[in-house]
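Have a look at the structure below, then the notes.
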Amino acid sequence: MTIAPSPALPILELSRFYGTSEDRRAFIAELRGVLHEHGFFYLQNHGVDPNLIGDVMATAKRFFALPLEEKLKIEMVKSPHFRGYNRAGQERTRGEQDWREQLDINTESTPFEIGPDTPAWRRLQGPNQWPEALPELKPLLLAYQAEVTRIGIDILKAIAVALGQSENVFAEIYQPQPSQLLKIIRYPGRDATETDQGVGAHKDGGFVTVLLQDTVPGLRVRTQDDLWIDAPPVPGTFVINTGELLELATNGFVRADVHDVIAPPAGVERFSVAFFLGSRPDAPIPVIELPDDLKLAERGISVDPLNPIFREVGVNQLKSRLRSHPDVALAHHADLLSPEQITAGK
Ligand SMILES: O=C(O)CCC(=O)C(=O)O
Ligand SMILES: [Fe+2]
């Protein structure tokens, strides 16, 4: 494995999408190139209030600093909807433990009424779990979730235009309610972990991810030439990356680069806030007819035999949650799993 010099990923300015027609054209052309090469870039001038961002990061740190017993009151294993807190080592990527602790929330909702013919992925719908000991976390994270949803949809519109489509081409599969998975994450230093896997190599699943990093690096991106490049924090930016849904919808024109996080050095901790914008779960994965010049650059899709893709989005969402959280799967969804799957984790 070779490490390329960093920072290697481009910085795009979202404000240019809403600027003069010349700015917009230049932004779209640059975005098109980046989507094809990496599906990873930094976004600045995105319009999210820096005070909100600062408050979210500071309050996330206070959450992780709570006594373990407070955090365990909202452990994910208590939620059939995969919401709540996980200790480091609890989540898995490709069967290996991820050394990060995290709180997962999604759209605040009530459980779906499950009947005999209800698809299993409807079980994902439900309420979040919130810490009693830090009541300010709920309004802050819900406000932030609304903001990054707005940004994610703006980016999706820009992506649609970069692909030669109308701005709202994806709207029919995210309206009226996209999937909104939000994670606050703490990566403990290597002295407190059993391996250096903060999170194992993976692609994200949905449309786009909006990632906020604090100050410690650790995120790495694998390019099409199998180089790993660092994506260190750049103040005032989000890291944006495209997910498998867009790779599939464009027959591989858009890349969803594999990425991972290396655990920080001993005695150092790393914080991030990741937001994953996805489509409605009952939507089929769309196929976008690209203009001829882009069509020529389609790469096709290589399907990972360990991780087959289903055409219905909710099936993929449920499968990914069951694999990442074998404890929740076993506690609430044992009927969906074969015994080998439960014990092997992934
Ligand atoms: O924490 C990070 O910087 C990235 C996390 C990530 O890739 C993920 O949770 O999918
Ligand atoms: Fe990721």
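Observations
- For the stretch 152-209, filtered to residues that are among the hydroxyl-bearing types (Ser, Thr, Tyr) and touching a helix residue (DSSP H, G or I) at 6+ places or on another chain (Cβ under 8 Å), the residue that is nearest to residue 65 (Cα to Cα) is 179.
- Scan of the stretch 218-232 for residues that are more than 9 Å from ligand 1 (Cβ to nearest atom) and either touching a Lys or Arg at 6+ places or on another chain (Cβ under 9 Å) or assigned to a loop (DSSP other than H, G, I, E, B) (or both), ordered by number: 223, 224, 225, 226, 227, 228, 229, 230, 232
- Residues being modelled with pLDDT of 95 or more and more than 11 Å from residue 261 (Cα to Cα) - total across the stretch 180-203: 9
- Selection status of residue 15, among the hydroxyl-bearing types (Ser, Thr, Tyr) and closer than 30 Å to residue 137 by Cα: yes
- Across the stretch 217-228, the qualifying residues are those that are crowded, with 16+ Cβ neighbours inside 10 Å and of a type in the set (A, V, I, L, M, F, W, C), and the one among them that is farthest from ligand 2 (Cβ to nearest atom) is 228.
Yes/no per residue for (1) within 16 Å of ligand 2 (Cβ to nearest atom); (2) farther than 19 Å from residue 61 by Cα; (3) polar (S, T, N, Q):
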site: 169; (1), (2), (3): no, yes, no
site: 177; (1), (2), (3): no, yes, yes
site: 182; (1), (2), (3): yes, no, no
site: 185; (1), (2), (3): yes, no, no
site: 192; (1), (2), (3): no, no, no
site: 196; (1), (2), (3): no, yes, no
site: 200; (1), (2), (3): yes, yes, no
site: 205; (1), (2), (3): yes, yes, no
site: 211; (1), (2), (3): yes, no, no
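- Counted residues, the stretch 269-305 - those being modelled with pLDDT of 90 or more and either within 16 Å of ligand 1 (Cβ to nearest atom) or among the polar types (S, T, N, Q) (or both): 11
- The stretch 1-88 holds helices (runs of 4 or more DSSP H) entirely within its bounds, and those carrying 3 or more residues that are surrounded by 14 or more Cβ atoms within 10 Å (Cβ to Cβ) and in contact with an Asp or Glu (Cβ under 7 Å, 6 or more places away or on another chain) map to 50-64.
- Close contacts from the stretch 262-276, counting a first residue that is outside any loop (DSSP other than H, G, I, E, B) and a second that is away from ligand 2 (no atom under 14 Å from the Cβ) and among the aromatic types (Phe, Trp, Tyr), with Cβ to Cβ under 9 Å and a gap of 6+ residues or different chains, come to 271/64; 273/144; 275/144.
- Test for residue 112: is it of a type in the set (A, V, I, L, M, F, W, C), under 17 Å from the mean Cα position of the chain (by Cα) and over 30 Å from residue 291 (Cα atoms): no
- Restricting the stretch 108-124 to residues that are buried (at least 19 other Cβ atoms within 10 Å of the Cβ) and not charged (D, E, K, R) leaves a set whose member that is nearest to residue 64 (Cα to Cα) is 124.
- Residue satisfying condition, being among the hydroxyl-bearing types (Ser, Thr, Tyr), within 16 Å of ligand 2 (Cβ to nearest atom) and surrounded by 13 or more Cβ atoms within 10 Å (Cβ to Cβ), within set 242, 250: 242
The values are calculated or read from the model by the stated rules, or taken from the named source; none is laboratory data. Predicted, not measured: the structure shown is a model, and the values here were computed from it. We place every Cβ from the backbone using ideal geometry, glycine too, and count neighbours over all the protein chains shown.
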